[in-house]
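What follows is a set of notes on a single structure, which appears directly below.
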Amino acid sequence: MSKIVVEGLYKVFGPTPDKALAMLKEGRSKNEIMESIRHGVGVNNASFAVEEGEIIVIMGLSGSGKSTLVRCLNRLITPSAGRVLIDGQDIMELSSEQLREVRQSKMGMVFQNFALFPHRTVAENAAYGLEIKGVDKETRLAKAHEALELVGLKGWEDVLPAQLSGGMQQRVGLARALALDPDILLMDEAFSALDPLIRRDMQDELINLQEKMHKTIVFISHDLDEALKLGDRIVLMKDGKIVQIGTPEEILTEPADDYVERFVSEVDISRVLTADSIMQKVVAVAHLGTDGPRAALRKMKNHGISSLFVLDKQHTLVGVVSAEQAVHLINAGESDLSQIICTDLKTVLPETPAQDLFGIMHDLAYPLAVVDTANKLKGVIVRGTLLGALSERKGGQRDV
């Protein structure tokens with residue numbers, strides 16, 4: 001079951017939303033409805049799902065409906081039609097008391113506006129949600145201290161917000177949400193008010209926190225670079241409608257229409273492609289203990305390659321041998337392949353960005369091995385494949 005499911009969601013601002021909804025379903029545009037009956041369309045038939053532990057970024061230009069949509073997820077704004085399911089429960093069917101309970105137990109929200117109380121200490125601000133929930137002072141302050149340590153503010157608990165930088169104040173806002181230990185974090189332009197360097201630091205901080213917490217995060221942004229950095233998937237909106245949903249790579253390489261293509265046209269694609277999307281299948285390997293230099297050389301000749309990765313009995317990568325070394329070993333009358341294995345080889349994980357591969361592959365005499373965290377060989381990258389993949393993806397963008 002998905003953590004969040006949005007089905008046919010609409011939000012119309014105006015006294016007679018049903019009339020606007022009927023016009024939308026007839027195919028009338030947002031601008032036509034505003035000109036005709038002076039109603040604003042915030043969200044137009046949005047449907048998507050968010051999996052548990054996923055970071056999904058909803059983005060678009062100003063007025064695209066992204067902030068309205070995220071506020072519909074916890075009914076800070078009441079949708080005009082459609083459903084929002086949290087763990088299978090339709091929040092549109094909840095009473096005010098039930099909705100309050102869901103907000104306090106399952107959802108935390110971080111706004112662009114820090115919204116800190118200037119007369120309360122950092123710890124008291126971080127504990128505010130728990131105070132509203134009715135948690136006793138000792139417990140809520142203990143949880144606030146834990147959350148502040150998570151976001152790197154240990155030691156600042158007793159100061160006032162005015163003594164903090166903008167980035168530190170935003171960390172307090174994040175700690176306030178985390179102190180509730182929610183399953184879901186809704187982050188509306190949370191880093192937009194920060195200076196670029198501080199903003200990047202906060203993005204890195206969120207990525208690090210997510211590795212520890214595995215929250216379900218809906219992040220609103222107008223910044224494509226931010227979306228590409230943070231998002232497992234991106235929901236791109238225009239005029240209240242969702243125009244494309246996909247991974248960062250899918251958004252960049254397979255834009256759904258001219259609007260998306262223009263939106264992503266200035267992005268350096270090497271920052272988004274990963275080793276996993278570029279690597280080739282391994283055509284042959286040598287097995288330590290069973291393959292000697294003659295068997296290794298035969299495999300290299302059969303597949304037209306000049307080097308061969310070597311795996312142990314557990315199929316773990318142990319090194320690489322070259323054809324030249326294999327010939328030398330055969331001429332010396334030796335049969336132990338381990339004598340020529342180069343174990344000091346470079347490897348990358350599947351999620352390594354393509355932009356990082358160029359430096360790693362500089363002057364590399366053999367293909368670059370892609371391994372998982374257990375050092376199991378997943379694939380290989382050769383320099384020509386890397387350059388070809390980038391050229392193909394960029395060409396694909398222009399031809400759409």
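Restricting the search to the range 122-171, which residues are among the polar types (S, T, N, Q) and under 24 Å from L206 (Cβ atoms)? Walk me through it before giving the result.
Within the range 122-171, the subset among the polar types (S, T, N, Q) is 125, 139, 163, 165, 169-170.
Answer for the range 122-171, where residues must be among the polar types (S, T, N, Q) and under 24 Å from L206 (Cβ atoms): N125, Q163, S165, Q169, Q170.
Assess whether G53 counts as being in the same structural domain as N208 (by TED's automatic domain parsing), at positive phi and in a loop (DSSP other than H, G, I, E, B).
yes
Find the residue count for the range 203-227, including only residues that are surrounded by fewer than 19 Cβ atoms within 10 Å (Cβ to Cβ) and of a type outside the set (D, E, K, R).
7
I need every pair where a residue in the range 284-307 that is closer than 11 Å to A323 by Cα and β-branched (V, I, T) has its Cβ under 9 Å from the Cβ of a residue that is crowded, with 16+ Cβ neighbours inside 10 Å and at pLDDT 90 or above, sequence separation at least 6 or different chains.
I305/K299; I305/A323
Among the residues of the range 324-366, which ones are farther than 14 Å from R383 by Cβ, among the small types (G, A, S) and surrounded by fewer than 17 Cβ atoms within 10 Å (Cβ to Cβ)?
Passing the criteria: A332, G333, S335, S338.
In the same structural domain as E52 (by TED's automatic domain parsing), more than 20 Å from E52 (Cβ to Cβ), among the aliphatic types (A, V, I, L, M) and in a helix (DSSP H, G or I), is that true of I207? Before you say what the answer is, go through the steps one by one.
Values: in the same structural domain as E52 (by TED's automatic domain parsing): yes; more than 20 Å from E52 (Cβ to Cβ): no; among the aliphatic types (A, V, I, L, M): yes; in a helix (DSSP H, G or I): yes.
Answer is no for this residue.
Go over the candidates L94, L73, L153 one by one and state the one that is aliphatic (A, V, I, L, M) and closer than 14 Å to V218 by Cβ.
Working: L94 fails: closer than 14 Å to V218 by Cβ; L153 fails: closer than 14 Å to V218 by Cβ.
Unique residue meeting the criteria: L73.
Go through the residues of the range 17-36 one by one and say whether even a single one is assigned to a loop (DSSP other than H, G, I, E, B), under 24 Å from the mean Cα position of the chain (by Cα) and exposed (fewer than 14 other Cβ atoms within 10 Å of the Cβ).
First pass over the range 17-36, keeping only residues assigned to a loop (DSSP other than H, G, I, E, B): 26-29.
Keeping just the survivors that are under 24 Å from the mean Cα position of the chain (by Cα) gives none.
Looking for residues that are assigned to a loop (DSSP other than H, G, I, E, B), under 24 Å from the mean Cα position of the chain (by Cα) and exposed (fewer than 14 other Cβ atoms within 10 Å of the Cβ), one finds none in the range 17-36, hence no.
The values are calculated or read from the model by the stated rules, or taken from the named source; none is laboratory data. Please read all numbers here as calculations on a predicted model, not as lab measurements. Because the Cβ atoms are built from the backbone with ideal geometry, glycine has one as well, and the counts that use them run over all protein chains shown.
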